[in-house]
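Undergrad: Next up is a structure, given as structure tokens.
The values are calculated or read from the model by the stated rules, or taken from the named source; none is laboratory data. On a predicted model such as this, the values are computed, not experimentally measured, just so you know. With ideal geometry, Cβ positions are generated from the backbone for all residues, glycine too; neighbour counts draw on all protein chains shown. Heads up: the accessible areas ignore ligands, DNA and RNA and are worked out on the full protein's heavy atoms, side chains in. Shrake-Rupley method; radii C 1.70, N 1.55, O 1.52, S 1.80 Å.
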Amino acid sequence: MKWLGLLFVPIVFVLSFCGRYSEVEVEAKNYVDSLTSVVEPIYKAANLAYWNATATGKQKYYDEYSRYELEMKRIFSSRKDFARIKSFKEDRRIKDPVLRRVFEVLYNDFLLNQADTTLLRRITELSTRVEKKFNTFRGEIDGKKVSMNEVKRILRTSNDTELRRKAWVASKQVGEVVVDDLLELVRLRNELACSLGFPDYYTLKLYVQEFKPGELDRLFDRLEEVTREPFARIKAEIDSILAARFGVEEEELRPYHYSDPFFQEAPNIYTISLDRYYKDANVAELVSGFYKSMGIDVQPIIERSDLYEREGKYPHAYCTNIDRKGDIRVMVNLKPTEQWVGTMLHELGHAIYEVYIDPTLPFFLRDPAHSFTTEAVAMFFGRLSKNPEWLREMLNLSEQETEKIRSVVEKTLTMEQLIFARWAQVMYRFEKALYKDPDADLNELWWDLVEKYQKVRRIDGRDKPDWATKIHICSYPVYYHNYMLGELLASQFLFTIMKEEGVDKIKDLRFAGNIKMGKYFVNRVFRPGKKYRWDRLVEYATGESLNPEYFVKQFCR
Ligand SMILES: [Zn+2]
């Protein structure tokens, strides 16, 4: 990787900066510039290839994407560059805070790739193999193969307990198929972490995500404490409804009585469908009209985006910043339903974050502060499709209609958030234990946690790797907490805005036409990009550190 180490000092650069920067700072800045010139084009090409792949479903674009990904990994595994980055990072003569921050970020990006190349390759191969098994395996009901969609449909709608049990069991059959590879993958990841001086992979991953030791434990412990009672109440209510529906005692309820394989979503017992309010809406226009009313023009994003369903196209949704220079797009499959309005609000939340990041920051800092801060913004706006005030403002509903929606929707939202918060406890604590001791009795541990946090009883005598059926453990290791932190911060944003506008009740806060709210996000959340570490950004945006009390105030009544 000689070209990365090359030092070039353009004369113009020296003339304009030598007054402000010390000699070592000029050297450091030149190094960052040369690294940028190598990374930037590959970054852009990779994003474009992925965009084309998901837009068309064509294998040649997926292949192109993996080639660029590999190239990127090769760059970030350079030992020579890592050594330079490390020495710049530790050099106290570098005073410029932006420059110092660049090296913190680069250090973390390079660290994960500094292991033995054979080991890194084995990890990639193994996780690809497990993913492939996940994608191709079909569980069976009475000898007949069923898709996950079919399983989910049965769990959502069927009143036939025996069929439900079979469907649930079918959804867990993949566990036995992947468990050996998955455990091997966990051991290899631990080996990687140990080679870098960390006790296990879990600790390494939290380190590169810039969490201090113990910080997440404290947050999750607090959240466990405050959600315990309200969750128990809502869970008892759900159980009494389900027991009546299936004609069993509450103690007889088992995992297959709930409406999804992990009980991570709320059962549809109170929901009224909001779809009828959106059935005549042009979703793109509705959502872009909303953002515009806050002073944020999303039209250029929408023009570059891929909005509607097509054969071969990726069926889900995501947002991408192709070049960190303004080419920001969303991939969605809009339909006039509440779910797609929520998804469009969510993805455009990610998009506007990217749009307003200070363009004068170095390439490596033109990125959201943390994956959970951009998730928080997306969640803040994504929640609006179910917000009675927002519905009233956007669709001109009557006061009476709004009240009708409010009574049902508030309960649903509370239930959804509490159920997710308890499920996130299971994921958080399980993964931590998994990397600490992959040889423990994990089947047992999983159900101990599910019973404790989700209050779902295990099937008596069952000893299967049900934990291995959650694909995140393979594909997005030690990441799940970020979804929970996103929810916490979304609530903290809400109460910060209310406080600054002098509003006491959530229902009195205006969303549509609220220019102040738009400015709040642009200046206090988006603009700094990755210039501040996440904890500083949270303080900058809300005046205090990440605080679960606002989530509690909003959802745990
Ligand atoms: Zn998101």
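Undergrad: Which ³J(HN,Hα) values in Hz, rounded to whole numbers, follow from the phi angles of segment 485-500 under the Karplus curve 6.51 cos²θ - 1.76 cosθ + 1.60, where θ = phi - 60° and Gly and Pro get x?
TA: For segment 485-500, the Karplus curve yields 4, x, 4, 4, 5, 4, 5, 5, 4, 4, 6, 5, 5, 4, 4, 5 Hz.
Undergrad: If one takes the longest principal axis of the Cα atoms in the chain, at what angle in degrees, from 0 to 90 and to the nearest 10, does the Cα axis of helix 338-355 lie?
TA: The angle comes out at about 10 degrees.
Undergrad: Using alpha carbon centroids, what distance separates segment 513-533 and segment 137-215, in Å?
TA: Here the two parts' Cα centres lie 36 Å apart.
Undergrad: If I fit a long axis through the Cα atoms of helix 371-382 and take the longest principal axis of the Cα atoms of the chain, what angle between them do I get, 0 to 90°, rounded to 10?
TA: Compared with the principal axis, the helix lies near 50 degrees.
Undergrad: Can you give me the long-range amide H partners of I141? Hydrogens built in the peptide plane at 1.01 Å from N, cutoff under 5 Å, separation of 5 or more residues or another chain.
TA: V146
Undergrad: Restricting attention to segment 389-479, which trypsin sites (Lys or Arg not before Pro) occupy a DSSP loop and are surrounded by at most 15 other Cβ atoms within 10 Å? Could the numbers behind the result be given before it?
TA: On the way: sites: R392, K404, R406, K411, R422, R429, K432, K436, K452, K455, R457, R458, R462, K470; in loops: K455, R457, R458, R462, K470.
Taking segment 389-479 and a limit of 15 other Cβ atoms within 10 Å, the loop trypsin sites (Lys or Arg not before Pro) found are R462.
Undergrad: Let me ask you something else. Using the Karplus equation 6.51 cos²θ - 1.76 cosθ + 1.60 (θ = phi - 60°), what ³J(HN,Hα) coupling, rounded to whole Hz, does each residue of segment 395-408 give in order, writing x for Gly and Pro?
TA: 10, 6, 6, 6, 4, 5, 4, 4, 4, 4, 5, 4, 4, 7
Undergrad: Tilt of helix 117-136 relative to the longest C-alpha principal axis of the chain, in degrees (0 to 90, nearest 10)?
TA: The angle comes out at about 30 degrees.
Undergrad: Could you give the longest part of the chain that holds none of the GluC sites (Glu not before Pro) found in DSSP loops with at most 12 neighbouring Cβ atoms within 10 Å?
TA: Values: sites that count: E249, E309, E311, E544.
The longest such stretch corresponds to 1-248.
Undergrad: Hey, what do the phi angles of segment 272-289 turn into as Karplus ³J(HN,Hα) couplings, whole Hz, using 6.51/-1.76/1.60 and θ = phi - 60°, x for Gly and Pro?
TA: 9, 6, 8, 3, 5, 6, 9, 5, 9, 7, 8, 4, 4, 5, 4, 6, 5, x
Undergrad: Same structure, new question: With the Cα gyration tensor of segment 201-328 giving a ≥ b ≥ c as the square roots of its eigenvalues, does the rule (a/c under 1.5 for rounded; else a/b larger than b/c for prolate; else oblate) give rounded, prolate or oblate? All intermediate terms of the calculation are to be shown ahead of the outcome.
TA: Values: a/c = 2.31, a/b = 1.34, b/c = 1.72.
Here segment 201-328 falls in the oblate category.
Undergrad: Might you tell me the accessible area per residue for segment 286-428, computed with a 1.4 Å probe and given in Å²? Each step should come with its number before you reach the end.
TA: Values: 4910 Å² over 143 residues.
Value for segment 286-428: 34 Å² per residue.
Undergrad: When averaged across all projection directions, what area in nm² does the alpha-carbon convex hull of the chain cover?
TA: Taking the Cα atoms of the chain, their convex hull projects to 26.9 nm² on average.
Undergrad: Please report, in cubic angstrom per residue, the volume enclosed by the convex hull of the alpha-carbon atoms of segment 447-531. Intermediate values should be presented prior to the final figure.
TA: Working: hull volume 14.8 nm³, N = 85.
Taking the convex hull of the Cα positions in segment 447-531, it is 174 Å³ per residue.
Undergrad: Kindly give the semi-axes, whole Å and largest first, of the ellipsoid equivalent to segment 351-407, taking each as the square root of 5 times a Cα gyration tensor eigenvalue.
TA: On the way: eigenvalues 254, 26, 5 Å².
In descending order the semi-axes read 36, 11, 5 Å.
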